Structures are given as structure tokens and as C-alpha cells.
Amino acid sequence: MRKYSVALIKGDGIGPEIIDEAVKVLDAVSVKEGFEITYKEALLGGAAIDVTGEPIPEETIEIAKSCDAVLFGAIGGPQWDDLPRQKRPETGLLKLRKALEVFANLRPVTVYDELINASTLKPEVIKGTDLMVVRELIGGIYFGQPRGYEGDEAYNTMRYTKDEVRRIARKAFEIAMKRNKKVTSVDKSNVLEVSQLWRDTVSEVAKEYPEVSLEHMYVDNAAMQLIRDPKQFDVIVTGNLFGDILSDEASMLSGSIGLLPSASLGEKHGLYEPIHGSAPDIAGQGIANPIAAIASAAMMLRYQFGEIKAAERIEQAIKRVLKEGYRTKDIASFDAKEVVTTSEMGSLIAQYASEF
Ligand code: NAD
């Protein structure tokens with residue numbers, strides 16, 4: 001039997017509620033497809049601060065590194081907001097990403113037909129949108145040296161090496177090979193040298209993937225094209241800063257933050273998490289939407305374990321519950337037939353995912 005180990009980091013707020021549903025669905029599909037997942041729980045964020053005084057205990061890093069993948073909920077909440085930066089929940093998450101060396105952040109954006117009115121954009125513009133933003137996560141201007149704030153002057157440095165660009169570009173092309181074989185590389189090479197290096201390097205890597213078509217686009221134009229005609233995109237690859245902005249813009253095409261998953265991949269490790277935060281305003285009420293967490297679990301099956309059939313089962317089941325009109329409260333105003341709780345939504349997806 002195929003066996004996988006998953007570090008389970010539930011975190012704070014709605015984190016535990018939504019991760020429990022993701023596990024429910026994973027257990028259902030693993031039985032159906034004949035593999036086994038064992039879980040090891042670890043603390044991060046506020047949950048870790050309350051127990052150990054640290055946002056990420058050493059043990060969490062060890063567990064995360066020793067497992068085949070990490071499934072993570074969300075962290076943070078008002079009770080930890082006044083702590084010094086080094087002690088805050090977010091610092092724990094940044095340290096985890098760094099420790100796992102996850103350099104590629106993947107955010108798929110799927111517009112579900114049933115929720116087409118949840119977006120602020122016109123239905124005819126977004127209908128059929130299915131794209132993936134691949135953002136470089138541990139380099140670029142967020143980490144470049146020198147940086148500083150001195151008197152009336154402050155500065156940061158956008159710096160990339162060819163090796164850093166090559167590895168993220170390869171990731172993007174590999175993903176495009178499994179999708180619609182088109183990569184759009186986004187930069188600002190008309191102004192920035194670092195973007196010229198980015199563009200040259202992506203073009204070199206493209207030669208290794210003759211089946212995939214490559215286009216280059218300036219970031220200002222990409223921001224515009226994303227809302228003008230998002231269907232033109234398949235895989236978008238870009239640096240840390242541009243990716244941060246464009247992936248948030250792209251996520252709004254689908255309308256609801258409770259639906260969108262993400263994956264952060266390195267050479268060895270993978271961290272899978274919903275794009276939303278810990279939603280302390282609705283925690284403990286059983287109304288959080290677990291779909292983003294469940295879809296993150298599906299990404300884990302696809303990208304980390306290669307369990308494509310099991311991933312497809314989950315993706316189909318999500319489409320089916322939405323088609324049949326089941327809605328959690330956040331999306332209840334869009335053609336709901338029945339408003340369900342977090343746990344009921346998880347059970348329905350688990351049931352549908354193991355039915356056929
Ligand atoms: P948030 O994503 O937690 O919530 C924004 C809004 O969306 C809220 O109204 C919330 O109720 C709603 N929402 C989010 N996820 C939902 C879901 N699954 N179902 C239904 N509704 C959902 O962002 P925020 O309010 O800016 O931040 C709250 C806390 O989360 C802060 O402490 C912040 O630092 C933290 N945060 C953590 C992460 C992470 O863990 N990766 C990411 C962003 C924010």
C-alpha cells in the first residue's frame with residue numbers, strides 16, 4: 001500500500017475547523033484509491049505561543065521536515081497582535097516557509113460557474129477562467145540586501161540570480177505541461193535590469209520545454225489584462241513582489257476568499273494552505289467555508305504525492321456540492337438551495353468524493 005505522512009498544522013481561529021474537514025475528505029479518498037495517510041500534529045502561531053511562548057517551536061520544524069508534506073490552516077488573532085514582531089504568529093509562518101525552502105508559491109484560480117455572480121466582474125469576462133499564478137517566494141526585493149531605513153532615506157534591493165530564476169521558471173513550465181501548455185512570464189524589463197535577467201533566463205529555460213508556448217508581459221499590462229480578459233492566461237510566472245500583488249488580484253476573480261487553495265513548493269518539501277487567514281470574527285461558530293482547505297488537500301495529493309485520481313475526486317466533489325446548491329454562510333447569497341455548516345460541507349464533499 002502507498003503510504004504518506006502529513007504534518008498537520010491547524011493553527012488559530014478557523015484553522016482547526018477547516019483542517020478537520022480536509023482530513024475527513026482525505027481519509028475518504030485514500031480508502032477509495034488504496035493509499036494511507038498518517039498525520040502528525042504540530043503547533044504554530046498563537047496556538048504555539050500559548051503553549052511554548054514561541055510562534056514556532058523547534059519541534060514543529062522537525063515534524064514538518066520529517067513528513068512528506070505539510071497541511072496548514074491559518075494563524076493569527078487579536079490576542080497576539082501586540083507582541084513584538086519576533087514573537088508574533090506571522091513570524092512563525094515565515095520561519096516555517098524559510099526552513100522548508102519552499103520557493104514556488106502556486107495559486108490556482110478557478111471560477112466556478114455556480115458562483116459566477118460572487119465576483120465583482122461581469123460573468124461573461126470571468127466564465128471559464130482557470131489559471132495558475134506561480135510566484136517566486138523566497139527571493140527578490142523582500143529579501144535582497146542592502147536594505148535599510150536611515151533618517152530621511154530608505155531602500156530595498158530587488159536582486160535575483162540566474163539559478164533562482166531558473167528553478168522557478170522550470171516549476172512553471174512543468175506545471176504548464178500538465179495544464180494548457182502556455183506560460184506568461186511577467187516582469188518590468190523595460191525599466192529594471194533585474195527584470196531583464198529574469199526575462200533572458202526564462203527564455204533560456206523555455207528551450208527545454210518546446211511544447212509549451214512562452215509570452216513575456218510587463219507587470220502593468222498584466223495587472224490590466226487579468227481583469228480585462230483573464231481567460232487568456234494558463235500559467236503566470238513572476239517574482240516575489242509582482243506575484244504578491246497579481247495573485248491577490250487574480251484571487252478576486254473567483255469572488256470568495258473561502259474557496260481558494262495554495263501550495264508552496266521547494267525541491268524537497270511542500271506546504272499546502274488556504275489563501276485566507278484565521279478569520280477570528282467567525283471562529284468557533286461552525287460557519288467557516290472549508291472548501292479552500294479541502295482544495296489545498298487536493299493540491300497536496302496532486303503535486304506532492306502524484307495521487308491524481310484522488311485529487312480529481314475531490315475537485316469533482318467540490319464542483320458537485322456547489323452545483324447542487326449547498327452553500328456555507330459566506331457564499332449563501334449566491335443561488336443557495338441549502339445553507340450548511342462547516343462540518344456538513346466537509347461531510348458532503350467526503351461523501352461525493354468517494355461515491356464513484
Ligand atoms: P482573513 O482572511 O482571516 O478574513 C477576511 C474576511 O474573510 C473575514 O471577514 C473572514 O470572516 C472571511 N473569511 C476568511 N476565510 C473564510 C472562510 N474560510 N470562510 C468564510 N469566511 C472567511 O483576513 P484578516 O481578517 O485580515 O486576518 C485575520 C487574521 O488572520 C489576522 O491575525 C491575520 O494576521 C491572519 N492571517 C493569517 C494568514 C495565514 O495564516 N496564512 C493569512 C492572512 C491573514
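Taken together, the values in this text are just the output of simple stated rules run on the coordinates, not laboratory data. A quick note: this is a predicted structure, and the numbers were derived from the prediction, not measured. For neighbour counting, all protein chains shown are included, and Cβ atoms are generated from backbone atoms with ideal geometry for every residue, glycine included.
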Q) Once you list every other residue whose beta carbon is under 11 Å from the beta carbon of Pro78, what net charge do they have if Lys and Arg are +1 and Asp and Glu are -1? A) -4
Q.
Using the Kirkwood formula on the Cα atoms of segment 175-321, what hydrodynamic radius do you get, in angstrom to one decimal?
A. 17.2 Å
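So, with +1 on the Cβ of K and R and -1 on the Cβ of D and E, and no other charges, what is the size of the charge dipole of segment 119-254 about its Cα centre, to the nearest 20 debye?
On the way: 19 positive and 22 negative charges, 119 e Å.
Approximately 580 debye in magnitude.
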Q. Tell me, in nm to one decimal, what length is gained between Ala332 and Val125 on full extension, where the rule is 0.36 nm per residue of separation less the Cα-Cα distance?
A. 72.3 nm
Q. When you count, for each residue, the other Cβ atoms within 10 Å and take the mean per peptide, how do 93-105, 285-297, 191-203, 75-87 rank with the highest first?
A. 285-297, 93-105, 191-203, 75-87
Q: Give the shape of segment 42-113 as rounded, prolate or oblate, defined through the alpha-carbon gyration tensor: a ≥ b ≥ c are the square roots of its eigenvalues, a/c under 1.5 means rounded, and otherwise the shape is prolate if a/b is larger than b/c and oblate if not.
A: oblate
**Q.** Overall form of segment 114-236 per C-alpha gyration tensor (a/c, 1.5; a/b vs b/c)
**A.** oblate
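Given charges of +1 on the Cβ of Lys and Arg and -1 on the Cβ of Asp and Glu, with all other atoms neutral, how large is the dipole of the chain about its Cα centre, in debye to the nearest 20? Each step should come with its number before you reach the end.
Working: 43 positive and 54 negative charges, 184 e Å.
Approximately 880 debye in magnitude.
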Q) Who wins for biggest fluctuation among Lys268, Lys188, Lys65 in a Gaussian network model of the chain, springs between alpha carbons below 10 Å? A) Lys268
Q.
Can you find, among Met252, Val23, Thr110, the residue sitting farthest towards the positive end of the charge dipole of the chain, where Lys and Arg contribute +1 and Asp and Glu -1 at Cβ?
A. Thr110
Q: Would you work out which of Leu8, Leu131, Ile349 lies farthest towards the positive end of the dipole of the chain? Charges go on Cβ: Lys and Arg +1, Asp and Glu -1.
A: Leu131
Q: Of the listed pairs Lys3/Lys181; Lys10/Lys95; Lys65/Lys178; Lys207/Lys231; Lys24/Lys98, which have alpha-carbon separations greater than 21 Å here?
A: Lys3/Lys181; Lys65/Lys178; Lys207/Lys231; Lys24/Lys98
Q. Got a sec? Charge dipole of the chain, +1 on Cβ for Lys and Arg, -1 for Asp and Glu; which of Ala206, Phe233, Asn289 is way out at the positive end?
A. Ala206
Q) Can you give the three extents of the C-alpha atoms in the chain along their principal axes, from longest to shortest, in whole Å? A) 52, 49, 43
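With only Lys, Arg, Asp and Glu charged, each at its Cβ (+1 for the first two, -1 for the last two), find how big the charge dipole of segment 68-112 is about the Cα centre; round to the nearest 20 debye.
My answer is approximately 140 debye.
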**Q.** Low-density loop cleavage sites - GluC sites (Glu not before Pro) in segment 149-192, where at most 14 other Cβ are within 10 Å (DSSP)
**A.** none
Q: Pull out a ≥ b ≥ c, the square roots of the eigenvalues of the alpha-carbon gyration tensor of segment 1-152, then state rounded if a/c is under 1.5, prolate if not and a/b is larger than b/c, and oblate in the remaining case.
A: oblate
Q | the chain, relative contact order in percent, only Cα pairs under 8 angstrom and at least six apart counted | A | 23 percent
Q | Fluctuation leader among Ser185, Ser254, Ser213 - the chain, Gaussian network, Cα springs under 10 angstrom | A | Ser213
